[in-house]
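*Asks:* Next up is a structure, given as structure tokens.
The values are calculated or read from the model by the stated rules, or taken from the named source; none is laboratory data. Keep in mind that what you see is a predicted model, and the values were worked out from it rather than measured. Glycine gets a Cβ as well: all are built from the backbone with ideal geometry, and neighbour counts include every protein chain shown. These accessible areas exclude ligands, DNA and RNA; they are computed on the full protein's heavy atoms, side chains included. Shrake-Rupley method; radii C 1.70, N 1.55, O 1.52, S 1.80 Å.
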Amino acid sequence: MSPISTRRHGDVLIVLSNNPPVNALGHAVREGLVAAIEQAEADDAVKAVVILCQGSTFFAGADITEFGKPMQLPMLPQVVDRIEACTKPVVAAIHGTAFGGGLEVALASHYRVAVPSAKLGVPEVKLGLLPGAGGTQRLPRAAGVRKALEMATSGSPISAKEAYACGLVDRLIEGDLEQHAVAYAEEVRDVRPIPITSARDDKLEEARANPALFDDFRKEQARKFRGFDAPEANVKAIEAAIAKPYAEGVQDERRLFMELMSGTQAKAQQYFFFAERKASKIEGLPEGTQPRAINKVGVIGAGTMGGGISMNFLSAGIPVTIVEQQQDALDRGTGIIRKNYQATAAKGRMTEAQVDQAMALLTPSLSLDDLADCDLIIEAVFENMDVKKEVFGKLDAIAKPGAILASNTSYLNVDEIAAATSRPQDVLGLHFFSPANIMKLLEVVRGAKTAPDVLVTAMQLAKRIRKVAVVAGVCFGFIGNRMLIPRQTEANKLLLEGATPEQIDRVHVEFGMPMGPFQMADLAGIDIGWHRDPTRVETIRDALCAIDRWGQKKGAGFYDYDDKRRPSPSPKVQEIIDDFRSQAGITPRDIDDQEIVERTLYSMVNEAAKILDEGMAQRASDIDVVWIYGYGWPVYRGGPMFWADTEGLDTIVEGLQRQQERMGDDFTLSPLLARKAEAGEKFTR
Ligand code: T1G
């Protein structure tokens, strides 16, 4: 049964797609669309066509699951050209998300109508691609060059209202979409359809009149484009739309598309698209486990983390009671929440009314007793086991039966925390990443006794607060922070052996990380986890903390910072490093970049293999989701495990064995990694 059906409404042929869940433009849909257009042309009684989708959305793009498989004609470029060539006017009726190939189908239609809640976008760049069915040629003609560049290189959608304002949508539909789309088709039934590619290139004039437009755009976006192939290819394809007639420009688009599709970056980003969605699935839970209702949340601690965590729930419309011990700390915390919202409003991303709405859901309190009616309580107190156990002991007596008790701990043993209560089945870790109201990653730390419905509740709640949740087991640092340990251990040793903070950070930034280990330490604060005894100096980090060099917040850490927090190498830090070298009797040596890669990045892969082997992560792709969303691992490399497969596990093992002597007892090769390398297997495909 074809997912495409047709029915007449007067002299309008309605072409209806029913291909859940997102009306992806799979082979059967493409065949059905071509057949429907031919049916419309062959029927003299048909004067116009409406293309409509059932379910939650208009076509949301090509079927990504078909990528990499043998092509099945008609391919999408042929389908959209066939729609555009239709001798009768075609109206695309848009709701939901007209994304990628879906927007390309709409662009090939002669008219586009949409409900105000619809979104239109070309997210192909997020898959390491560009719109490969004429989108780079039609979108600038419909929406203007600047808008097309922004949409294609960011992958971010625009609202139907914005699309209407720039001319991408011809009419906004209030009310029944089908009924109004048919009415629109009736209005244009006698108008000879003019393909967007054969006329209306007045919108390209802005670029012809401003030849610097493209290079200015490249300069403006350079930082965001760094390391990626697809954004530049999108710019090139749109440049071709300006410089050449459609028939030639679309050839450029096809060439650029095929180059991207055959590259590693596109494979990595398409892998990640599915990895992110797979992470929300928990293996082995009893069938039909239902989530608990979460209508009210309690947060203990109004510091940076407590405030950020609270904002996630407030922004999702969930009331929060936030508890501190001192009034001034409570006032400071709630003040920062309001300030953060106001900063968002100042950027036009929320209205003052929405700020007030969010703040109205926040109840400050100085008493844990006020959490008695909360369905979920999250503690974000000082990272100390005794403190956390004391808090959970009190919560055990206060919280209502069935309340979920969560710790935001970054490293500590969630089972030990759970044991401080009489309800370990209701306890888990919810590890937010700082800044908690911005970072997408949430590690859901599953205790030995955590009940299945508590886990299901956490995964569902993560979606509700727009987080990507990954289940982690109870081990020191869970998944992400545990992999930071070997990276930092080796980076610190490399400093002693002859490398500089700048060199080590440069290697990581050139690899594609947003910053290197020492830049990250300065940003987070080197004093985190420091014993706070300035007389006890055992490491370079201790020495820096002892002289108040706690990182950016103090204007100095591993780097010196100017008043705009711009870093520069610090002679003082070099002096301290030299002192430590001479005390340890180390003669500094030249260290090449490859050694830094092997000792820091390869050892992270080794630790990841151990995490997988111990069952602390459900699957290798979850580890990739953690590092891409939690630490900014470059998505075009697919995450540590996908990247290891790309490097070759035998290459990774050889590199680690080459460094074994220098890494000493800090390093043991993961048996799983060794086995897979030996067997020529991969982690992620
Ligand atoms: N192809 C195949 N499966 C898809 C899909 C797609 N395009 N989009 C979503 N799915 C699956 C997804 O894996 C999940 O499956 C289920 O649908 C629900 O998705 C030639 C080359 C539309 C905003 O990049 O942005 O067109 O996990 O959980 O949160 O130029 O899905 O249930 O088994 O994300 O409601 C361009 C990608 C393709 C859009 C809905 N289009 N999708 O979000 O649901 S390339 C995209 C999304 C292209 C042409 C080029 C979102 C959504 P499962 P979901 P959601």
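Residue by residue, here is whether (1) among the β-branched types (Val, Ile, Thr); (2) in contact with an Asp or Glu (Cβ under 7 Å, 6 or more places away or on another chain); (3) within 15 Å of the ligand (Cβ to nearest atom) holds:
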{"site": "Cys53", "(1), (2), (3)": "no, no, yes"}
{"site": "Ala62", "(1), (2), (3)": "no, no, yes"}
{"site": "Thr97", "(1), (2), (3)": "yes, no, yes"}
{"site": "Leu130", "(1), (2), (3)": "no, yes, yes"}
{"site": "Gln137", "(1), (2), (3)": "no, yes, yes"}
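*Asks:* Among the residues of the range 82-91, are any within 12 Å of the ligand (Cβ to nearest atom) and assigned by TED's automatic domain parsing to the domain that holds Leu127?
*Replies:* no
*Asks:* Looking at this structure, is Asp579 in the same structural domain as Met515 (by TED's automatic domain parsing), more than 23 Å from Arg658 (Cβ to Cβ), surrounded by fewer than 16 Cβ atoms within 10 Å (Cβ to Cβ) and of a type outside the set (Phe, Trp, Tyr)?
*Replies:* Yes.
*Asks:* Then there's this: Failed condition for Glu162, given (1) of a type outside the set (Gly, Ala, Ser); (2) crowded, with 20+ Cβ neighbours inside 10 Å; (3) under 24 Å from Ala207 (Cβ atoms); (4) away from the ligand (no atom under 15 Å from the Cβ), with all others met?
*Replies:* Result: Glu162 fails condition (2) only.
*Asks:* Give, as residue ranges, the strands (runs of 3 or more DSSP E) completely inside the range 400-473 that count at least 1 residues that are over 22 Å from the mean Cα position of the chain (by Cα).
*Replies:* Filter on the range 400-473 gives 404-407, 427-432.
*Asks:* From the list Leu366, Leu376, pick out the single residue that is within 26 Å of Lys339 (Cβ to Cβ) and open to solvent by 10 Å² or more (accessible area, probe 1.4 Å).
*Replies:* Matching residue, one of Leu366, Leu376: Leu366.
*Asks:* Same structure, new question: Quick one: which helices (runs of 4 or more DSSP H) lie wholly within the range 560-668 and hold at least 2 residues that are among the polar types (S, T, N, Q) and in contact (Cβ under 8 Å) with a residue 60 or more places away in the chain?
*Replies:* Filter on the range 560-668 gives 603-613.
*Asks:* Only one of these conditions is not met by Asp63: (1) without any contact (Cβ under 8 Å) to a residue 40 or more places away in the chain; (2) over 17 Å from Ala24 (Cβ atoms); (3) of a type in the set (D, E, K, R). Which number is it?
*Replies:* (2)
*Asks:* Which condition does Lys119 not pass, out of (1) under 27 Å from Glu187 (Cα atoms); (2) within 12 Å of the ligand (Cβ to nearest atom); (3) open to solvent by less than 10 Å² (accessible area, probe 1.4 Å), if it passes all the others?
*Replies:* That leaves (3) as the condition not met.
*Asks:* Mind checking which residues of the range 33-58 are without any contact (Cβ under 8 Å) to a residue 60 or more places away in the chain, under 24 Å from Glu186 (Cβ atoms) and either of a type in the set (Gly, Ala, Ser) or assigned to a loop (DSSP other than H, G, I, E, B) (or both)?
*Replies:* Ala35, Ala36, Ala40, Ala42, Asp43, Asp44, Ala45, Val46, Gln54
*Asks:* Return the residues of the range 293-349 that are surrounded by 13 or more Cβ atoms within 10 Å (Cβ to Cβ) and in a loop (DSSP other than H, G, I, E, B); say none if nothing qualifies.
*Replies:* Ile294, Lys296, Gly301, Ala302, Gly303, Ala316, Ile318, Pro319, Glu324, Gln325
*Asks:* Sticking with this structure for a sec: What number of residues within the range 4-30 are within 16 Å of the ligand (Cβ to nearest atom) and out of contact with any helix residue (DSSP H, G or I) (no Cβ under 8 Å at 6 or more places or on another chain)?
*Replies:* Counting residues in the range 4-30 that are within 16 Å of the ligand (Cβ to nearest atom) and out of contact with any helix residue (DSSP H, G or I) (no Cβ under 8 Å at 6 or more places or on another chain) gives 6.
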